[in-house]
Every structure is written in C-alpha cells, then in structure tokens.
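Just so you know, all these numbers are worked out from the coordinates, no wet-lab data involved. Just so we're clear, the structure is a prediction, and the values are computed from it rather than from any experiment. Positions of Cβ are generated from backbone atoms using ideal geometry, with glycine treated the same way; all protein chains shown enter the neighbour counts.
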Amino acid sequence: MNSSVIEKFEAVMMPIAGKVSSNKYLLAMRDSFSMLLPFIIVGSFFGIMEWVVLDPWGTVLGPDGMNLGASITGLTGDAYKASGFVATLQMLQGLCNNVVTVGFGVFSFLLVVAFAYRLGGIWGGDKFSTALTATGAFIIMTPQQIVTKAGEKLGGFDMNYFGNKGVLTAIIVATVASWLFVKLSNNEKMKIKMPETVPPAVAKSFEVLVPVFFTLGFFTVCSTILANCQFMGSACLNDLIYSLIQAPLMGFSQGLGFSILYQAIVWFFWWFGIHGHNVTAAIQNMVYMPAQLANQAGDASYIFSNGFFEAGLMHIMGLVIAILIFSKKDSWRAVAKLGAPAMFFNIQEPIAFGLPIVLNPLLLVPYVLVPLVNTVIGYVAISIGLVPIFKYVVPWTMPLFFGGTIGTGSVMGGLLQVVWLLVDIAIYAPFVIAGNKVKDEYDEEEA
C-alpha cells in the first residue's frame, strides 16, 4: 500500500465520512453512548468480580473450575455449600450485582435519558425537559406488570425491558418523544404564558405543560393500543420489535455470510465513532444471546453466539502490538502505550478516539477486515472440532486467553484467541508501516 492508494481512498471515503460525522442525529447517538461508558466499564468490573472471582461454584472457586474454594475451606459437597465462606461470597456477590444492575440492568433506561438530552439540544428544545419527557414516554411504553409462571400479575416493572434487551426500543422512543416534544414546545400557541412576577422555574414548567401533556398522551394511546390489540401476540413495543425481527433473523443467524455481514456493520459503525454493538443490539439480544443461552443450557450447539463475538473484541490489541513493533510515529506509539491497559480488558475507546481509528481512512480496511477474518477462522476451527462451542457466559471485559478458555470450557478457546491475535497483528502491520511512509512524505513536504 503506497501513498497514492491512500490518497485515492481518502478521496472516496472522506466526503462520506464528513457527511456522516456531521449528521446531528448520529452525533447525538454517539455522544449518548459515550456518556454511558463509565457505567459500562464500572459494571463490567463488578461483573467480573461477581461472575468469576466471587462465585462459589464458578471458574475460580467452584469444583468444576480451579476448585480454590475447597482448597481455602477444606470443605466439599454439602459442607462447603452450607459454610460461612459461601454465605459471605454470596453476600459480596449481591453487593456487586447492585453495581452491575446500574451498568447493564438499566442501560436502556439511562440511554433514553442521555439520548433525549442530546436530541433536545440539537433540535432546539430544552435539554432537561426533553430528557424528562422521553423518560416518561419510555416508562409508559414499558410493561408495568410482572407476570409470574403461575400466571399471577404483580405490580412493578419488568427489568428485562430496562436492560440491553430494550436498546432499540429506547432509541425509537427517545427519538419520537424528543422530536414531538421539541416541535410542540417551540410552537408559541402551545405555551402557557405566566406573569413576569412568577418565578422563572415555575414559568418554564407551565410553558412545557401542554407539550408534555400531548407527548405523553400520544405514547399512552400507543401503549394502550399495543396492550389491547396484541399485534403478533405482543403486548408492548419491545415484544413487537422482537416478533418482527427475531423470527426472520433466527433462520439466518448461524450462516457464515450473515455473521460476516453482522460484524461488518458493527465495526463500520464503530469507524464512524458510533457504538456499533449498541446500535446493533437488537440482533445481538434477539439472535446471538438466545443462542448463547441455548448453548449453556445444553439445548443446542450454536457456533455463532454472543460469547463467540465477545471473544473477538480484542482484535484492536493486534493494532496496538503492530504499532509498538512497526510504527515510527511518536503520537501513535504514545496512544498505544496509554490505551494498552484498557484494551487488555477489551475497552477500545482510548485507541479508537485517541489514535484515532475513527474516520481514519488508512485504518478503515483493517479495522473492518480483521473481525471478518477472525469470524471465518473461528467458524472453521469450531466446525472441524478443534475448538468447542462458546458455552458459558463470560463478561466481555475478560482478558485475552482467559475469556476464550472460560467461555468454551477448554484451553483451546484461549488458544483460538491467541491465533486470532497473531493473525490480527499480521493484517494490521502493513497499514501501520504504510502510515510511516505517509508521515515521511509529509515531513519532506514541510521541510
């Protein structure tokens, strides 16, 4: 790859990248996901503690894993189960679960708040009022009764709709509610004017009273229609989306072509600076997470599952290592050194935005290509029986080798990740070297 190729590629991609990166709606979506990143990182850390480190029957302490619990207590079987050691671990797991719930259990709820807040700003409305109104609309569209297995209806919210399962619903509701509220609130006829002697906060509340009324009223009507008409057997928007999307996708999900297309879309979004996994969460939660759970329950043996793709998140580490070996750019090497610790836990944002990978024409091809190659390699390795299926649910922040080993229940899963990493370094290396050459030419021009 030489500079002329890169220049031609820039001529094609940069106008497209410019239009996408300047799209206010997509910028709002990107910013809202970025605002939630601290919750995700903290939730992931406590998730590792809960599911891996503190689980009395898990990988570290359990009899089917390293069995350190028996080594520490000297107890096995029922005695181990009834011990104070296990009781203490379960208490600590409960504490960790509270933080995990904030990071993942109410992710869609937080996304509505963040996304509507940003949309209110870019569409010319009051940010805080827009966020509150959209949050109310999301709650209205969320089932407010929990039905037990015995058919008993209990009051409260089904938290499944507040987590990652509700991401697409959150995006749709936040978009429609924000647009409708801003349009109405910017209409002078919809504003109730109060005397100047009224405190500003109270006057502002009355100004948005009618827009809030009509916006929430609209979603109340929609929710009532869905609940009573039972479209495709769905009583809420989230279930309707699943019915419309999940059934058609399930038949294609295990095909290599569909999985490659899915990966291409995910990482192409990421290249534009938009959280690709959250944008495509509908596919992940409707197709690949059920496949993961079926594998874990022993009901099926799906190659492509949530665990399979999460094990491949570390491909950016291939770029980091390629930079440290081949790059002569001080800026790239500095960012790679700073971002490597985060990338060790599959957190790529410091590299993606610091290098940057985002909107960088030189890195678009390898950034999208590498996950596709990993998908093919993993598919072949599992198909011929070299590597077991990804059976166990593992936090996506689990480091290289350990994630694959725990996820498959075999060291071969960890070795697959190592093979992926070596291939990734080989693919990224020519582009890193090409970056050196481009820099040298720029230095000559400046000289």
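Evaluated with a Cβ-only charge set (Lys, Arg +1; Asp, Glu -1), the chain carries a dipole of roughly 740 debye about its Cα centre, given to the nearest 20. Considering only Trp267, Trp57, Trp420, the Gaussian network model of the chain with Cα springs below 10 Å gives its largest mean-square fluctuation to Trp57. When the chain is treated as a Gaussian network with alpha carbon springs shorter than 10 Å, the biggest mean-square fluctuation among Leu400, Leu416, Leu37 belongs to Leu37. Computed from these coordinates, which is volume of the Cα convex hull per residue in Å³: (i) 201; (ii) 172; (iii) 152? Calculated volume of the Cα convex hull per residue in Å³: the matching label is (i). Helix content alone sets the calculated 222 nm mean residue ellipticity of the chain: runs of n ≥ 4 DSSP H residues at -39500 (n - 2.57) each, divided across all residues, give -21000 deg cm²/dmol.
Test of understanding: in a Gaussian network model of the chain with alpha carbons linked when under 10 Å, which of Glu207, Glu310, Glu349 would top the mean-square fluctuation ranking? Residue with maximal mean-square fluctuation among Glu207, Glu310, Glu349: Glu207. Projecting the Cα atoms of Ile192, Ala170, Ile122 onto the dipole axis of segment 106-239, where Lys and Arg carry +1 and Asp and Glu carry -1 at the beta carbon, places Ile122 farthest toward the positive end. Can you compute the FRET efficiency between Thr88 and Met190 using 1/(1 + (r/R0)^6), with r the Cβ-Cβ distance and R0 = 56 Å? Round to the nearest 0.05. It comes to 0.45.
When you count the other C-beta atoms within 10 angstrom of each residue and take the mean per peptide, 333-346, 100-113 line up highest first as 100-113, 333-346. Using the average count of surrounding beta-carbon atoms within 10 Å as a protection proxy, the listed peptides 72-78, 216-222, 177-183 rank, highest first, as 177-183, 216-222, 72-78. Remind me, relative contact order of the chain in percent, using alpha carbon pairs under 8 angstrom and six or more residues apart? So the answer I get is 14 percent. Calculate, for Leu256 and Leu27, the FRET efficiency according to 1/(1 + (r/R0)^6) with r their C-beta to C-beta distance and R0 30 Å; round to the nearest 0.05. Computed FRET efficiency for Leu256 and Leu27: 0.30.
Pairs with C-alpha atoms separated by more than 19 Å, drawn from the list Lys24/Lys191; Lys127/Lys183; Lys127/Lys165; Lys24/Lys189; Lys24/Lys193; Lys329/Lys437, are Lys24/Lys191; Lys127/Lys165; Lys24/Lys189; Lys24/Lys193. Count Lys and Arg as plus one, Asp and Glu as minus one, and take only other residues whose Cβ is under 14 Å from that of Gln90; the net charge is then -1.
Charge dipole of segment 294-400 (Cα centre as origin; +1 on each Lys and Arg Cβ, -1 on each Asp and Glu Cβ, all else neutral): 340 debye, rounded to the nearest 20. Spherically averaged projected area of the convex hull of Cα atoms, segment 36-103: 4.3 nm². For the pair Val419 and Lys183, label points projected 7 Å from Cα toward Cβ lie 5.4 nm apart.
For the chain, the residue among Leu54, Tyr262, Ile357 whose Cα projects farthest onto the positive side of the dipole built from Cβ charges is Tyr262. A simple spin-label model places pseudo-atoms 7 Å from Cα toward Cβ; at Ala300 and Leu324 they are separated by 3.9 nm.
Based on the Stokes-Einstein relation at 37 °C and a viscosity of 0.692 mPa s, and on the Kirkwood radius from alpha carbon pairs, segment 106-239 is assigned a translational diffusion coefficient of 209 µm²/s.
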